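What follows is a single structure, written as C-alpha cells, with notes after it.
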Amino acid sequence: MMKVYKISKDKLKAYLSYLLNKGYSIYGPVKTTSGDVIFSKIEDPEHFVDEKSTNGPKSVVFPEREIIFRYREGKIIEEKSDERRILFGTRTCEIEGFRMLDDVLLKGKYKDISYERKRSNSIIVNFACTKACKYGFCTTFQGPKLKNGFSLQFIDIGDDYLVEAMNEELIVPEYFTEASEEDIKKAEENINNVYKEMEQLPIKDIEKKIKFNDEIWNKLGNYCINCGACNYSCPTCFCFDVYDVKIGNEILRIREWDSCLLEGFSRLAGFNNPRKDNASRLIQRFYHKLVYHKLNYGYYLCTGCGRCIEQCPVNIDIRDVIKYFSGGEL
Amino acid sequence: MMQVYTNEMLPKTVRILKICDETPDTKTFILENITKRIPKPGQFYMISVFGVGEFPVSFGSANENNLLITVKKVGQGTGALFELGENDIVGLRGPYGNGFPIEEFTGKNIVLIGGGIGIPPLRSVMEYISQHRNEFGYVQLLYGARSPKDIVYKDKLLKDWPKIIDVKLTVDVPDETWKGHVGVVTTLFDQIKNLDSIFLIVGPEIMMRYSVLELKKRGVKESQIYLSLERKMKCGIGICGHCNLGRFYVCKDGPVFRYDIIANERELFYG
Ligand SMILES: Cc1cc2nc3c(=O)[nH]c(=O)nc-3n(C[C@H](O)[C@H](O)[C@H](O)COP(=O)(O)OP(=O)(O)OC[C@H]3O[C@@H](n4cnc5c(N)ncnc54)[C@H](O)[C@@H]3O)c2cc1C
Ligand code: SF4
Ligand code: SF4
Ligand code: FES
C-alpha cells in the first residue's frame, strides 16, 4: 500500500546529506557552474536542483558507452561493475521511459543483463512536475505524475513536498511528517495545473493516419543534419551499436548508443542500404515511435518529454508531425 | 520454474577446425560446436573476430561436434575472418532466429531457390531433407551464381544432392567450361515442376524481388513463399534495434518470413 508523507523544503538538502552519509551513491539534476542542469552524480547536496535536466537519467542505467567484455589471452572477462544507487529528482517522462526500456530490454526472449543490473540497483525518487515545461507534452501520454515504479514520489505543494511512498526504504522519521487531506488535495491541484497549461495533442489513432507517401518526409529530410541529438536525448530510444577496440594486449567489446538518423545505422556491407536518404530515416524514427512500437506493445514509444524538440538544431518537432497527420498544417 | 538468464552478449570461444576454399572470395569454416546444440535449418549465429567485430552468419551444416559456415569476404569482419587459420579462435553465440518451419512442410513439394552466398541456409534445409527424404514430395533446388567459378558447394550441387532431388544451376556469365544454363535464376522458373510447392528463397534482395514476382505471375500464392532476409545486425537477439523491417526485427521475428506477412512492408526489396 502506498503511504503519503510530507517533507519541508528546508529539510531537503539535509535529507540528501543524510542519504549520502548512509553511503548511497546519488544521481540527480545538478546545476553546473555554467548554469546548465545535468543529470549526474551528486557529490554535494547544495548542487542539487529540483529541475528537469537536459540529459535525464537514462545514461545511468543504460550508459552512452560501456564495455560488454574484455578479451585477454583467449579469455572473455565479463564487465560487471555496479553499485546500489538512488536516482533522486527524476521526472515522470524519464521513468516512464525506463518502463518502456524494460519492455524491450528485459521482457523478450533474451534479457539485456547489463541494463538489468543497473536498473534493478536503482532506487527511484521521482519528482512529479507541477509546472508545464517549455517543450513537454506529457499530458498527451502518461501525464506528469507516476502511478507506480518509484520508491518515493515528491510533489511540490508550496513550502513542502508531498511524498508518496511505495515502500519505506528511504523514509526517515526525522525528515518526514504525516500529510493532511489538504496537502493531498493541494498536490492534486498542482498536478492538474500541468494538464491545464499543456496542449494535448491529437494522438489517437495516429498510427492509422500517418503515411509514408507524403511530402512532409522530404521537407523535413531537407533540414535534418543527422546529428542524432533527437535519439541521444530521448528517454525511450534504446538502439545501440557494438564494436571492438584494441588497447595494448586487451580487446574491449563496446556497446554505444546509436541513432537511426545516421547513414551507417542500417548500412550493410558493400554500401547497400535500405534507408538511403534522410526522408527514409525520419520515417523510421517517427514510425518506430508512433506505429511499430504501438503495434508491438500497445503504446507509443514517447513520453512527451520534449527533449528531441528542444535539442534538434533544425527544429524538427514531433508535435508538428502528430498534428500534421491529424489534419493540421505544417 | 524460474528461467536463469545469462549475458547473451558474451560469445563462447571456439576453435576453427578446418578451412576450405569455395570460390575466389568465399570460404567454408568448420568450427567446434562446443554447446553441442543442433540448430534449426535457417537459424544463424553471431561470429566474432576479436578485435575487429561481430557479424551474423548462417550455418550450412551441423552435428554435435561441428558447425559448418560459409562466408563471403565483403568487409572488415569477414575480411579479418579470412586472415585466420586452422586452430585459431573465434567467438560464437547463438543459434538465433526462427529458422524455416520445416516440420510444417511435411508431405509437401518443395522448391529451394538460391542466389550467390544465399546457399548456406538452403544447405541446412537440404541436410534436413536428406535425413527425412520420404517425408517430402518432389524437391527441386534452383541455384544461380554470377559465374561458374562463383558456385558455392560445387560437390553438393553437382554430386550429392542430384542423387536425391532435382538440382538446376545457372550462371549469369558463363566461361569456356560451362555447358549448363545461362541467365539469372528466374530464367529457370519454367522448369519448376509443381507450382503447388512451398518455395524457400534466399539471396540478394533484388533476386528475391524478381523471384517473388515471377512466382506470382505463375499463380503461386504469397503464403506458399518463404524468404530469409538480411538486415544489419548488431545483437542478434532483438534489443539493439538495427535489423527492423517495419514492426518486425529480422533477428528475432525472422530471418525467415512467410511472404504474405511482410508483403506490404515498405523497406522490403529496397534498392
Ligand atoms: C541472418 C543473416 C545470415 C547471414 N549469413 C551469411 C552467411 O552464411 N555467409 C555470409 O557470407 N554472409 C552472411 N550474412 C551476411 C554477413 O553478415 C555480412 O556479410 C557481414 O556482416 C559483413 O560484415 P563485415 O564486417 O565484413 O562488413 P562491414 O561492412 O565492415 O560491416 C560492419 C558491420 O555491419 C554489420 N553488417 C554489415 N553487413 C551486414 C549484412 N549483410 N547483414 C548483417 N549485418 C551486416 C555487421 O555487424 C558487420 O560487422 C548473413 C547476414 C544475416 C543477417
Ligand atoms: S520522442 Fe522526443 S518527446 Fe518523445 S520521449 Fe523521445 S525525446 Fe521525448
Ligand atoms: S536532432 Fe534534428 S537534425 Fe539532429 S538527427 Fe534528429 S531530426 Fe535530424
Ligand atoms: S540485430 Fe539487434 S535487434 Fe536485431
### Query
Can you pull out the cysteines in chain A that have no other Cys Cβ under 4.7 Å?
A:Cys129, A:Cys133, A:Cys138, A:Cys224, A:Cys227, A:Cys239, A:Cys260, A:Cys302, A:Cys312
### Message
Give the A-B buried accessible area in Å², both sides summed, 1.4 Å probe, nearest 100.
### Response
3600 Å²
### Task
Quickly work out the A:Asn213-to-A:Lys196 label distance, labels modelled 7 Å from Cα along the C-beta direction, and quote it in nm with one decimal.
4.7 nm
### Message
Please list log₁₀ I(q)/I(0) at q = 0.09, 0.11 Å⁻¹ for the protein assembly as shown, using the Debye equation with identical point scatterers on the alpha-carbon positions.
### Response
-0.80, -1.08
### Message
With n ≥ 4 as the cut-off for DSSP H runs, can you work out [θ] at 222 nm for chain B, using -39500 (n - 2.57) per run divided by the number of residues, rounded to the nearest 500?
### Response
-4000 deg cm²/dmol
## Note on the structure
Carbon and sulfur atoms account, in whole percent of the 1.4 Å probe accessible area of the protein assembly as shown, for 48 percent
### Task
Restricting things to alpha carbons, find the Rg to Rh ratio for region A:1-157 using the Kirkwood radius for Rh.
1.00
### Query
For B:Gln191 and A:Glu263, what does the FRET efficiency come to when R0 = 45 Å and r is the distance between their Cβ atoms, rounded to the nearest 0.05?
0.60
### Dipole axis of the protein assembly as shown (+1 Lys, Arg; -1 Asp, Glu on Cβ), positive-most option in A:Gly74, A:Ser17, B:Ala263
B:Ala263
### Task
For region B:12-96, give the magnitude of the charge dipole about the Cα centre (Cβ charges: +1 Lys/Arg, -1 Asp/Glu; no others), in debye to the nearest 20.
340 debye
### Task
Rounded to whole Hz and in sequence order, give me ³J(HN,Hα) for region A:239-246 from the Karplus expression 6.51 cos²θ - 1.76 cosθ + 1.60, θ = phi - 60°, writing x for Gly and Pro.
5, 9, 9, 10, 7, 10, 10, 9
## Note on the structure
Spelling it out for B:Leu245: with amide H atoms placed in the peptide plane at 1.01 Å from N, the residues 5 or more places away or on another chain with amide H under 5 Å from its amide H are B:Val250
### Query
What FRET efficiency, computed as 1/(1 + (r/R0)^6) with R0 = 30 Å and r the Cβ-Cβ distance, is obtained for A:Lys41 and B:Gln76, rounded to the nearest 0.05?
0.25
### Query
For region B:1-143, what is the per residue volume of the convex hull drawn over the alpha-carbon atoms, in cubic angstrom?
123 Å³
### Query
How would you classify region A:111-157 from its alpha-carbon gyration tensor, with a ≥ b ≥ c the square roots of the eigenvalues: rounded for a/c under 1.5, else prolate if a/b is greater than b/c, otherwise oblate?
prolate
#### Entry: Kirkwood Rh and Cα Rg combined as Rg/Rh, region B:12-96
0.92
### Query
Efficiency by 1/(1 + (r/R0)^6): what FRET value for A:Ser180 and A:Lys147, r their Cβ-Cβ distance, R0 = 25 Å, to the nearest 0.05?
0.65
### Query
In the P(r) worked out for chain B, what percent of Cα pairs fall beyond 23 Å?
52 percent
### Query
In whole Å, how far is the Cα centre of region A:1-28 from that of region A:231-273?
38 Å
### Task
Determine the principal axes of the Cα atoms in region A:28-87, then give the extent along each, sorted from largest to smallest and rounded to whole angstroms.
48, 20, 17
## Note on the structure
Placing each pseudo-label 7 Å from Cα in the direction of the beta carbon, B:Asp166 and B:Glu83 end up separated by a distance in nanometres of 4.8 nm
### Summary
Helix-only [θ] at 222 nm, chain A, -39500 (n - 2.57) per DSSP H run of 4+, per residue, nearest 500, equals -8000 deg cm²/dmol
### Message
If you restrict to DSSP beta bridges whose two residues both lie in chain A, what percentage is antiparallel, to the nearest 5?
### Response
75 percent
## Note on the structure
tail above 19 Å in the computed P(r) of region B:102-228, as % of all Cα-Cα pairs, reads 43 percent
### Message
Considering all alpha-carbon pairs of chain A, what whole percent are spaced by more than 36 angstrom?
### Response
25 percent
### Task
Report the charge-dipole magnitude of region B:102-228 in Debye, nearest 20, computed about the Cα centre from +1 at each Lys and Arg Cβ and -1 at each Asp and Glu Cβ.
180 debye
### Message
Report for the protein assembly as shown the percent antiparallel among DSSP-assigned beta bridges with both residues inside it, nearest 5.
### Response
65 percent
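The values are calculated or read from the model by the stated rules, or taken from the named source; none is laboratory data. What you see is a predicted model; the values in this text were computed from it and never measured. Methodologically, a virtual Cβ is constructed for each residue, glycine included, from the backbone with ideal geometry; neighbour enumeration extends over all protein chains shown. Side chains are part of the model used for accessible areas, which takes the heavy atoms of the whole protein and leaves out ligands, DNA and RNA. Shrake-Rupley method; radii C 1.70, N 1.55, O 1.52, S 1.80 Å.
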